[in-house]
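Data block below; observations after.
Derivation of every value follows stated rules applied to the coordinates shown; laboratory data play no part. Source: prediction; values computed, not measured. Cβ atoms come from the backbone with ideal geometry, glycine included; neighbour counts cover every protein chain shown.
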Amino acid sequence: MPLQSFITYLKSEKRSSKHTVKAYKTDLEQYSEFIQLQYNCTIDNATTPIIRAWISHLKANHLDNKSINRKISALKSCYSFLHANAFIDDNPSDKIKTLKTKDYLTVFIPQTDMEKEIQQAAPTDFAGSRDRLVFELLYQTGMRASELINLTINDIDFQRQQIKITGKGNKQRLLPINKLLTQQIKNYLILKQHIFPEEKHLIVSNKGNQAYEVLLHRIVHNQLSAITTVSKKSPHVLRHTFATHMLNNGASLIAIKELLGHSNLAATQIYTHNTIEQLKKIHQQAHPKGGAK
């Protein structure tokens, strides 16, 4: 089947993440069910008007434009694959445009709040040490929660003070870590290897199994609740915080792009809106007329 061939391509050739494959599969199955019921056609003989009718159906069901655009992206990727591999003669999604969305505003933790974390006493038990390490790794490196979950002990180069990350599409990148974080990892590993010596993954549950998303969300939520009143508390907020603080303190967008593992600069530019006050200060200090009233 054309759809199954595309899913196999995502898994084996494109090496997309499990999350991406699952999301694309769900979106495309929903699309296939809609066109089968409404137009008695399949994914390989649908037309552009039918795709537009599906988008209208999504709008009528009050799905927001951002979610619809994700489904359109999945559909376009699928049809591009089908066309390139001669499953279809023409690509019906070529003329389909994404919908306008509101500007995306990132949520981040103020630097003054993050500094409160340093003042807290260092934990000495396994769970406390793990939770603090999860927090520091996410904030100091900007890695994704999924990347931390899959991080193994062998991915850490203690001598060079760097971590090898396997990101989206199995793309690898190296992230620097400072001496304090390196030592923090070593201290945690002493506790971990005493209790769970066999588990290769760095972050594990209280039972010694590989960490999972819900665990990381709970850890971050609890850690952030102790230092900030910001309503949204998640691993991704720490990733936004990492990028925003880096930008505010002089890092270039290109450098941040590489550290975050973004495939293009546009994805990194969402952080620039957070730095306008910082840019105002720089302008006032550096431009001959910057401080004029």
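Structural remarks
- For the range 111-178, the Rg and Dmax computed from alpha carbons only, in angstrom: 13.2, 39
- DSSP-assigned coil residues among trypsin sites (Lys or Arg not before Pro) in the range 123-167, each with at most 13 further Cβ atoms within 10 Å: Arg160
- Links that overshoot a 23 Å alpha carbon limit, given the list Lys164/Lys232; Lys11/Lys59; Lys164/Lys192: Lys164/Lys232; Lys11/Lys59
- Computed from backbone phi with θ = phi - 60° and the Karplus coefficients 6.51, -1.76 and 1.60, the 3J(HN,Hα) list for the range 258-271 is 5, 5, 7, x, 6, 7, 8, 5, 4, 5, 7, 5, 5, 7 Hz; x is used for glycine and proline.
- Under the criterion of Cα pairs below 8 Å and six or more residues apart, the relative contact order for the range 182-251 equals 16 percent.
- Each residue of the range 40-46 was assigned a 3J(HN,Hα) from its phi angle through the Karplus expression (A = 6.51, B = -1.76, C = 1.60, θ = phi - 60°), giving 6, 9, 10, 4, 8, 10, 6 Hz with x at Gly and Pro.
- Evaluated with a Cβ-only charge set (Lys, Arg +1; Asp, Glu -1), the chain carries a dipole of roughly 600 debye about its Cα centre, given to the nearest 20.
- Listed candidates [x] 194; [y] 141; [z] 126 - label of the one calculated as volume of the Cα convex hull per residue in Å³: [x]
- Entries of Lys66/Lys97; Lys171/Lys233; Lys18/Lys97 with Cα pairs more than 20 Å apart: Lys171/Lys233; Lys18/Lys97
- Between Asn150, Asn61, Asn248, the residue with the greatest mean-square fluctuation in the GNM of the chain (Cα pairs under 10 Å linked by springs) is Asn61.
- In order along the range 219-234, the phi-based Karplus estimate (6.51 cos²θ - 1.76 cosθ + 1.60, θ = phi - 60°) of 3J(HN,Hα) comes to 4, 5, 4, 5, 5, 6, 4, 7, 10, 8, 9, 4, 5, 8, 9, 8 Hz; Gly and Pro are listed as x.
- With Cα atoms, 0 to 90° folded angle of helix 235-248 axis to the chain main axis: 70 degrees
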